[in-house]
Amino acid sequence: AVERGRIVYGRYCELCHSADGKGAGPLSRHGFRPPPTLHRPFTLEMKDGQMSHLITFGRGAMPAHAGQIPVPDRWKVVLHVRILQQREAGGAPRTAAGGK
């Protein structure tokens, strides 16, 4: 699940969110507005289901990915984002229930 999350994130998310989740992906160097960092408090406090919903339906400048990313892979992307957040914070990842 961890490896699949990394692969899917790399394929669909990294162009905007960057490999480290800080939002400086390659598209931001070509005139696209960079997304907010995945390490900001708002995203850190999101429940996993909220993040999956955001991947599915998009919001603001972020497009929906329901047609590109199958449901099981969306959850693996959430897992990958939590791992990125853990690395940045140097702590434990949040659980599926949203706890620490």
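Annotations for the structure displayed:
- Of all residues in region 74-89, none satisfies being open to solvent by 40 Å² or more (accessible area, probe 1.4 Å), closer than 20 Å to Arg4 by Cα, among the polar types (S, T, N, Q) and at pLDDT below 95.
- Checking Ile69 against (1) of a type in the set (A, V, I, L, M); (2) in contact (Cβ under 8 Å) with a residue 24 or more places away in the chain; (3) assigned to a helix (DSSP H, G or I), the condition it does not meet: (3)
- Filtered by the rule that a residue be part of a helix (DSSP H, G or I) and within 12 Å of the chain's Cα centre (by Cα), region 12-26 gives Tyr12, Glu14, Leu15, Cys16, His17.
- Positions within region 7-26 being charged (D, E, K, R) and surrounded by 14 or more Cβ atoms within 10 Å (Cβ to Cβ), in sequence order: Glu14, Asp20, Lys22
- Pick from region 3-36, criterion of a type in the set (Ser, Thr, Tyr) and more than 17 Å from Arg59 (Cβ to Cβ), ranking: modelled with the lowest pLDDT: Ser28
- Hits in region 27-46 (condition: under 19 Å from Ile69 (Cβ atoms) and more than 12 Å from the chain's Cα centre (by Cα)): Leu27
- When we screen Arg29, Arg4, Arg33 for residues that are within 14 Å of Val77 (Cα to Cα) and open to solvent by 60 Å² or more (accessible area, probe 1.4 Å), the only hit is Arg4.
- A count restricted to region 45-64 and to residues that are among the hydrophobic types (A, V, I, L, M, F, W, C), out of contact with any Lys or Arg (no Cβ under 6 Å at 6 or more places or on another chain) and buried (at least 16 other Cβ atoms within 10 Å of the Cβ) stands at 3.
- Taken over region 37-62, the criterion of being modelled with pLDDT of 95 or more, over 19 Å from Asp73 (Cβ atoms) and in a loop (DSSP other than H, G, I, E, B) is satisfied by Thr37, His39, Arg40, Glu45.
The values are calculated or read from the model by the stated rules, or taken from the named source; none is laboratory data. None of these values were measured; they are calculated from a predicted model. Quick reminder, even Gly has a Cβ in these numbers, built from the backbone with ideal geometry, and neighbours come from all protein chains shown. All accessible areas refer to the heavy atoms of the entire protein, side chains included, with ligands and DNA or RNA removed. Shrake-Rupley method; radii C 1.70, N 1.55, O 1.52, S 1.80 Å.
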